[in-house]
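Accompanying notes for the structure given below.
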Amino acid sequence: MITLTYKDLHRQFKLNGRSYSKVELKEVAYSLVKEGEEYERAIGDFLIDWLNDKSTIIVHTSGSTGKPKPITLQKQQMVNSACATGNFFHLQPNDTALLCLSADFIAGKMMLVRAMVLGLSIDCVAPSSKPLVKSKSSYDFVAMVPLQFRNSLNELDDVKKLIVGGAPVSYALKKEFLNAGQRTKVYETYGMTETITHVAIKPLLEELIASDIDLDVFSTLADIKISSDERGCLVINAPLVSDEIIYTNDMVELISDKQFKWLGRFDNIINSGGVKLFPEQIEAKLSPILEARFFVTGLPDEKLGQKLVLIVEEIQEVPVLQEKIEKLTSLNKYEIPKQIFFSR
């Protein structure tokens, strides 16, 4: 078995259609920093850091496990992460990839690492809300955030495999994708900077979301085990990508030490009469009956401590909407909003 290291540059690696040696790639990186556009300078900065003699690299966290902060990552662990992703998605040398995320952050950096380690041919475009609208190429592997995914539903025929991360994919967006009839294999990812991007994945399959969103679970990549702490938050043991066990602020329902259902952020919990309510889960269940933008939140209540309320952007008939909500079999009695408000 061949062990890949951060010092290796795959012979099949291509950047914007051209092959480079390590020396040539360093020259390209310096050129991007000096003469490139803003997104190209970020790519150049990362490549310079990646191709130096140091075994570590400094990145900034997104705040998933606490306040945003700079942390030091081992380059070899980033390579391990790239290999795990390559194995899961069966990526092969000369497969094509698109970088449409900022290389300032871990998701964008890791697209470049995967390309250099696995021998992918990667094109780089400026990060935008519609990254595929001007594309005339097809890609084997692309990573996006939910906003880009939503705005690319009509262009996904040119993408074979798409991973979506950085924020939860809403139930409404999943339904939009299924209704669009695209053949692209789309996967929602779970991860953070501390785990060197994603450590768990779930496919957007019709049988998982069409009838029962409670079946929507993440499965971890190889060599990763999970548990939960006393708060019910996810704990990640991923020795190939992190020297430390990672404690998150994500509330989960454990299915096994390899699978979990994401419930929501610990910070967002509504405690109503001693019952923990997760806004993210309730909003997912309400999505099928609400076309207008909305959210649920907790308001102070003398008896309950907090009461669950629904805020809807468009004015509707309260009795009609209340009846629709009460008929939703996916909601339990505690998840039915006590009041409905409308905003303009």
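The values are calculated or read from the model by the stated rules, or taken from the named source; none is laboratory data. What you see is a predicted model; the values in this text were computed from it and never measured. Positions of Cβ are generated from backbone atoms using ideal geometry, with glycine treated the same way; all protein chains shown enter the neighbour counts. The protein model used for the area step is the full one, side chains on, heavy atoms only, and it has no ligands, DNA or RNA in it. Shrake-Rupley method; radii C 1.70, N 1.55, O 1.52, S 1.80 Å.
Which of these values of mean projected area of the Cα convex hull in nm² was calculated from the structure shown: [x] 16.7; [y] 20.6; [z] 19.2? Only one option fits the structure, namely [z]. Summary value for the stretch 57-130: 29 percent relative contact order, contacts being C-alpha pairs under 8 angstrom separated by 6+ residues.
Between residue 8 and residue 92, residue separation times 0.36 nm minus the direct Cα-Cα distance comes to 28.6 nm.
For the chain, the Cβ-based charge dipole about the Cα centre amounts to some 400 debye (Lys, Arg positive; Asp, Glu negative; other atoms uncharged). Of the options 52, 309, 171, report the single residue whose Cα projects farthest towards the positive end of the charge dipole of the chain (beta-carbon charges: Lys, Arg +1; Asp, Glu -1). Sorting the options by dipole projection puts first 52.
Per-residue ellipticity at 222 nm computed for the chain from its helices equals -8000 deg cm²/dmol, with DSSP H segments shorter than 4 residues left out and the rest contributing -39,500 (n - 2.57).
Ranked by the mean number of other Cβ atoms within 10 Å of their residues, highest first, the peptides 26-32, 97-103 fall in the order 97-103, 26-32.
Per residue, the chain exposes 52 Å² of accessible surface when a 1.4 Å probe is rolled over the protein heavy atoms with every protein chain present. For GluC sites (Glu not before Pro), the sites in the stretch 233-299 that DSSP calls loop and that have at most 16 other Cβ atoms within 10 Å are 244, 291.
Ignoring lysines fewer than eight residues from residue 285 along the same chain, the ones with Cα atoms less than 17 angstrom from its Cα are 174, 175, 261, 276, 324, 327, 333, 338.
Distance between the 7 Å Cα→Cβ label points at residue 299 and residue 54: 5.2 nm.
Relative contact order of the stretch 31-93: 19 percent, from C-alpha pairs under 8 Å at least 6 residues apart in sequence. When a/c reaches 1.5 or more, the comparison of a/b and b/c decides; with that in mind, is the stretch 13-165 rounded, prolate or oblate per its Cα gyration tensor? Verdict is rounded for the stretch 13-165.
Listed by chain and number, the aspartates and glutamates placed with their C-alpha closer than 15 angstrom to that of residue 14 are 24, 27, 95, 123, 140; residues fewer than eight positions away on the same chain are left out. By its C-alpha gyration tensor, with a ≥ b ≥ c as the square roots of the eigenvalues, how is the stretch 150-281 shaped: rounded for a/c under 1.5, else prolate for a/b larger than b/c, else oblate? Cα axes put the stretch 150-281 in the oblate bin. For the residue pairs 130/185; 7/160; 22/134, alpha carbon separations beyond 26 Å are given by 7/160; 22/134. The stretch 11-48 and the stretch 296-328 have Cα centres separated by 52 Å.
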